[in-house]
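Notes to accompany the following structure.
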Amino acid sequence: MPNTKADAPEATVARAILRDIRHTPQKARRVVDLIRGSRADQALSVLKFAPQAAGQDVYNLLASAVANAKQKNPAIRDASELWVIEALVDEGVTMKRFRPRAQGRGFRILKRSSHISVVVSDIKKGATK
């Protein structure tokens with residue numbers, strides 16, 4: 001009998017989620033798009049030197065996902081064995097504030113937040129660019 005799904009080794013999949021981070025989803029997506037589908041060690045080095053403000057938070061999130069994968073499967077030695085198979089940015093809560101404007105008017109300011117999730121796996125199969 002040829003290869004079946006039962007014969008294939010089970011992939012180690014680990015995830016980390018950062019909720020209500022104070023970066024707008026549009027700006028956080030610019031950072032997350034840099035790492036989607038790449039190897040975890042390369043993604044960490046890209047994020048370490050990313051000039052965007054969300055880069056440090058996504059770096060810590062990816063490092064957490066790698067640590068979760070190592071905890072699930074002790075055979076994984078380092079981040080070079082893992083791939084970023086999914087990286088998403090969703091909208092979080094939006095705080096509404098008012099700024100005084102001319103002639104007694106109020107101007108609404110929206111302070112947006114994001115939910116960022118990263119999934120790493122030791123098999124590249126699910127990676128999309």
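The values are calculated or read from the model by the stated rules, or taken from the named source; none is laboratory data. Predicted model only: the values in this text are computed from it and were never measured. Cβ placement follows ideal geometry from the backbone for every residue including glycine, while neighbour counts extend to all protein chains displayed.
Please indicate, with yes or no, whether at least one residue in segment 54-75 is touching a Gly at 6+ places or on another chain (Cβ under 8 Å), surrounded by 10 or more Cβ atoms within 10 Å (Cβ to Cβ) and under 15 Å from THR12 (Cβ atoms).
Narrowing segment 54-75 to residues touching a Gly at 6+ places or on another chain (Cβ under 8 Å): none.
No, because not a single residue in segment 54-75 is touching a Gly at 6+ places or on another chain (Cβ under 8 Å), surrounded by 10 or more Cβ atoms within 10 Å (Cβ to Cβ) and under 15 Å from THR12 (Cβ atoms).
Kindly indicate whether LEU82 is aliphatic (A, V, I, L, M), buried (at least 16 other Cβ atoms within 10 Å of the Cβ) and out of contact with any Leu (no Cβ under 8 Å at 6 or more places or on another chain).
Working: aliphatic (A, V, I, L, M): yes; buried (at least 16 other Cβ atoms within 10 Å of the Cβ): yes; out of contact with any Leu (no Cβ under 8 Å at 6 or more places or on another chain): yes.
Answer is yes for this residue.
Cβ contacts < 6 Å: first residue outside any helix (DSSP H, G or I), restricted to segment 58-74; second residue of a type outside the set (Gly, Ala, Ser), any location; separation 6+ or different chain. Result?
Close Cβ pairs satisfying both conditions: ASN73/THR12.
State which residue is farthest from the chain's Cα centre (by Cα) when the search covers only segment 87-103 and only residues that are crowded, with 19+ Cβ neighbours inside 10 Å and in contact (Cβ under 8 Å) with a residue 60 or more places away in the chain.
Filtering segment 87-103 down to residues crowded, with 19+ Cβ neighbours inside 10 Å leaves 87, 89, 92.
So of that shortlist, the ones also in contact (Cβ under 8 Å) with a residue 60 or more places away in the chain come out as 89, 92.
Details: VAL89: 7, GLY92: 14 Å.
The selected residue is GLY92.
Go through segment 60-92 and report how many residues are in contact with a His (Cβ under 9 Å, 6 or more places away or on another chain) and either at pLDDT below 95 or over 27 Å from GLN26 (Cβ atoms) (or both). Spell out the reasoning first.
Let us first name the residues in segment 60-92 that are in contact with a His (Cβ under 9 Å, 6 or more places away or on another chain), namely 88-92.
This time we only want the ones that are either at pLDDT below 95 or over 27 Å from GLN26 (Cβ atoms) (or both), so: none.
The number of residues fulfilling the criteria is 0.
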